[in-house]
Amino acid sequence: MSVRELQADLALGVQALLGEGPVWDDREGSLLFVDIEGERVHRFDPSSGRQSSFATGAAVGSVGLRADGGLVLALLDHFALSSGSGEAITAVPGFAADAGRVRFNDGEVDPWGRFVAGTMDWAKSAPLGELYQLAPDGTVTTLVTGATISNGLAWSPDRRLLYYVDTPTLRVDVFDVDPSDGTLSGRRRHVDIDESEHGRPDGIALDGEGCLWVAFYGGSRVCRFTPAGVLDTIVRVPASCVTSIAFGGPQLDTLFITSARTDLDPSRRAAEPHAGDLFVVDPGTSGLAPSRFG
């Protein structure tokens with residue numbers, strides 16, 4: 001089977017320290033993404049080129065859309081709600097992770113309208129992270145324990161599978177999901193990753209054909225794997241630390257790609273002037289509409 005190769009282009013020169021968590025806002029026709037270490041949420045309108053951002057006051061691992069308007073956030077050690085432009089960020093009471101050991105990382109709203117986000121070990125070496133589910137009523141449930149860097153999440157359209165990345169394991173796992181309530185079971189390996197060839201798996205997204213797109217940190221690429229786990233597409237990205245991906249645009253047929261520069265020394269930053277920027281590519285397929293919290 002031949003592997004198709006595509007080239008990503010620059011969409012926005014934002015120079016994020018740790019760009020992550022893109023999500024398409026179909027109501028606003030814009031892309032939201034976070035700069036975790038820059039403590040900001042960015043919004044980009046590709047049709048006009050307009051970009052705005054707001055400060056979160058703490059590391060922001062991920063952002064999701066709310067059904068009634070506004071955003072849900074995974075900040076440093078807690079969940080929060082805000083308006084779409086970041087006014088009145090309000091912590092969700094009753095839950096906090098141990099910020100001395102972990103911080104929040106990647107998250108997504110699940111098909112049942114709950115925000116699912118995971119934590120990671122600050123040192124990126126110990127299995128201290130967990131995957132949490134925030135319900136609209138504020139209840140927090142632990143779904144996965146023993147993660148080192150809880151990362152990408154993607155549910156299948158029939159709600160029966162959840163794909164999940166814990167980056168240091170160098171694989172994408174898949175869970176069986178009870179389509180009635182989202183209960184997880186049967187975790188198993190879906191794709192094994194050769195780090196020397198691709199880099200380390202980070203954010204993920206599913207397309208309408210059931211294929212899985214994976215961003216590779218340290219690999220300057222995004223790869224697509226068929227439902228059988230076979231590599232069939234490589235997107236080359238002009239930045240080594242590729243972090244996450246999301247389908248967007250009016251037809252959800254544009255792939256947006258975030259990146260980072262936080263781990264690059266001065267010489268590497270000079271060699272990669274677009275590290276931390278936002279990229280775009282025509283993937284030749286369309287993705288799935290994001291769910292909304294609540």
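Derivation of every value follows stated rules applied to the coordinates shown; laboratory data play no part. As the structure is a prediction and not an experimental result, all values here were calculated from the model. All Cβ positions, even for glycine, are placed from backbone atoms using ideal geometry, and neighbour counts span all protein chains on display.
Tabulated data
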{"item": "Residue within segment 231-245 that is free of Cβ contacts under 8 Å to residues at least 40 places away in the same chain, closer than 20 Å to residue 9 by Cα, in contact with a Phe, Trp or Tyr (Cβ under 7 Å, 6 or more places away or on another chain) and buried (at least 24 other Cβ atoms within 10 Å of the Cβ) present", "result": "yes"}
{"item": "Residue within segment 47-65 that is surrounded by fewer than 21 Cβ atoms within 10 Å (Cβ to Cβ), under 30 Å from residue 231 (Cβ atoms) and of a type in the set (D, E, K, R) present", "result": "no"}
{"item": "Members of segment 218-230 found to be in a strand (DSSP E or B) and either of a type in the set (S, T, N, Q) or under 16 Å from residue 15 (Cα atoms) (or both), listed by number", "result": "none"}
{"item": "Condition check for residue 215: part of a strand (DSSP E or B) and closer than 23 Å to residue 268 by Cα", "result": "yes"}
{"item": "Long-range neighbours under 6 Å by Cβ, at least six apart or interchain, first residue free of Cβ contacts under 8 Å to residues at least 40 places away in the same chain and closer than 22 Å to residue 291 by Cβ within segment 185-207, second among the β-branched types (Val, Ile, Thr) and crowded, with 23+ Cβ neighbours inside 10 Å", "result": "190/172"}
{"item": "Qualifying position, being among the aromatic types (Phe, Trp, Tyr), farther than 22 Å from residue 256 by Cβ and surrounded by fewer than 19 Cβ atoms within 10 Å (Cβ to Cβ), among 79, 95", "result": "95"}
{"item": "Residue tally, condition in contact (Cβ under 8 Å) with a residue 60 or more places away in the chain, of a type in the set (D, E, K, R) and outside any loop (DSSP other than H, G, I, E, B), over segment 250-294", "result": "0"}
{"item": "Output for segment 162-177, where each listed residue is in a strand (DSSP E or B), within 17 Å of the chain's Cα centre (by Cα) and hydrophobic (A, V, I, L, M, F, W, C)", "result": "162, 165, 172, 174"}
